[in-house]
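Please treat every number below as a calculation from the coordinates, not as lab data. None of these values were measured; they are calculated from a predicted model. Note that we place each Cβ from the backbone using ideal geometry, even for glycine, and neighbour counts take in every protein chain shown.
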Amino acid sequence: MSQARTSNKKKYIAAVLFLLLISVSAYAYLMSTKPTTMEKGTILVLPVHLSTDNADSQWNRYAAMDVLINQLNVGVHYLLLQTEDIINIISLIANDHLSQTVDIQQLMAVSGAGLVIESSITGANNQYQLAFTLHQQHHTEAGVVNASSIEQTLLAAAANEITQQLNSQHNLQQKQQNKKTATQYHSRLSSPLLFNAITQLQLGDTKAAEQHLSTLINTTPDNLVAMRLLASIQLQQHQYEQLHTTLIAAINLAKHQQDERELARLRLLLAQSYTETDRIEQALGVLTIAKTNAAKVKDWLTLGYISQLAGMINSA
């Protein structure tokens, strides 16, 4: 059984990394006429290491990372990986899923990332400091930000310090075009139940993860991330009736929230379920719509998954 799991994990790693390389290559081609100031590749933000006296349950390493990513302003020049994609990549190459340490060079080698952003927050008595390191292939840069709250350190670091360093070689006009005011962003990953569910999924305990997600959805029925993760579990377990109910509710909610990224990922799951139940025409139709959703928000990795599934269907 363990050998089978290892084999499946290796195949999945290969598939994810292959799709990531396709996505990076496509983005590099589209941006080939744009000026760049950083070594080629994507930007990958690591989970934020928290070592504070803050008792606010909204903060965990994934929620802090999510806020940092959503406040970064890298313009159109770089491909910024999204939170869950990063969690998946790290979990696929990690030997110890509970460890918060990551081999930066290995991560850059297997993901194709040109820049990895590592950060940690320390503090007490409403005085917090975020220390960050920008890892590139041949050099690193570091900096610190001080503020009176965790949220303010993340906003200041992302909107000012890190963005300025990323764009330090751009001319003044480009800097003005890239200028962005930090705004409040509430991460969907701030829920302790969702954090626990993701951790359980990384450890392979789908039953515990499913329980956490079901509880969260009952108390917070508008949490699209929780609904999508639950749908993923139901797909893995071939629970097609429950899956269909979950996905239809989630897709309707995502339409109401005008969340194109979630619509793309939810419809990809729906297409996978149609494929597994031999409803090929419906699968292809859903994939066409999902492709449009993903393209609107430049979700290159999901576009890669969509293209892969469509190719598999058409070649069958």
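With θ taken as phi - 60° and the coefficients 6.51, -1.76 and 1.60, list the Karplus ³J(HN,Hα) couplings across region 304-316 in order, rounded to whole Hz; mark glycine and proline as x.
For region 304-316, the Karplus-derived couplings read x, 4, 4, 5, 5, 5, 4, x, 4, 5, 5, 8, 6 Hz, x marking Gly and Pro.
Based only on other Cβ atoms within 10 Å, what is the fewest-to-most ordering of Ser149, Ser273?
Ser149, Ser273
Rank the residues Ile93, Ile306 as a footprinting-exposure proxy: fewest other Cβ atoms within 10 Å of their Cβ go first.
Exposure proxy ranking, most exposed first: Ile93, Ile306.
Sorted from fewest to most neighbouring beta carbons within 10 Å, what does the list Asp53, Asp66, Asp205 look like?
Starting with the residue having the fewest Cβ neighbours, the order is Asp53, Asp205, Asp66.
Under a crude label model (7 Å from the Cα following the beta-carbon direction), how far is Glu161 from Gln211 in nanometres?
4.1 nm
For Gln105 and Ala316, calculate 0.36 nm times their separation in residues minus their Cα-Cα distance, and state this gained length in nm to one decimal.
Between Gln105 and Ala316, full extension yields an extra 72.1 nm.
Convert each backbone phi in region 208-225 into a coupling constant with the Karplus relation 6.51 cos²θ - 1.76 cosθ + 1.60 (shift: θ = phi - 60°), then list the ³J(HN,Hα) values in order as whole Hz, x for Gly and Pro.
5, 4, 4, 5, 4, 5, 4, 5, 5, 5, 5, 8, 10, x, 9, 7, 5, 4
Per residue of region 116-128, what does 6.51 cos²θ - 1.76 cosθ + 1.60 with θ = phi - 60° give for ³J(HN,Hα)? Whole Hz please, x for Gly and Pro, Karplus curve as stated.
10, 9, 10, 8, 8, 10, 10, x, 6, 6, 6, 10, 10
Under 5 Å between amide hydrogens, which residues at least 5 positions from Ser149 or on another chain qualify, with H placed 1.01 Å from N in the peptide plane?
Under 5 Å from the amide H of Ser149 lie the amide H atoms of Tyr128, each far enough along the sequence or on another chain.
Nearest 0.05, what FRET efficiency do Gln308 and Leu203 give at R0 = 25 Å with Cβ-Cβ as r?
That pair, Gln308 with Leu203, gives E of 0.40.
Assign one of three labels to region 191-315, namely rounded, prolate or oblate, based on the Cα gyration tensor with a ≥ b ≥ c the square roots of its eigenvalues; rounded applies when a/c is under 1.5, prolate when it is not and a/b is larger than b/c, and oblate otherwise.
prolate
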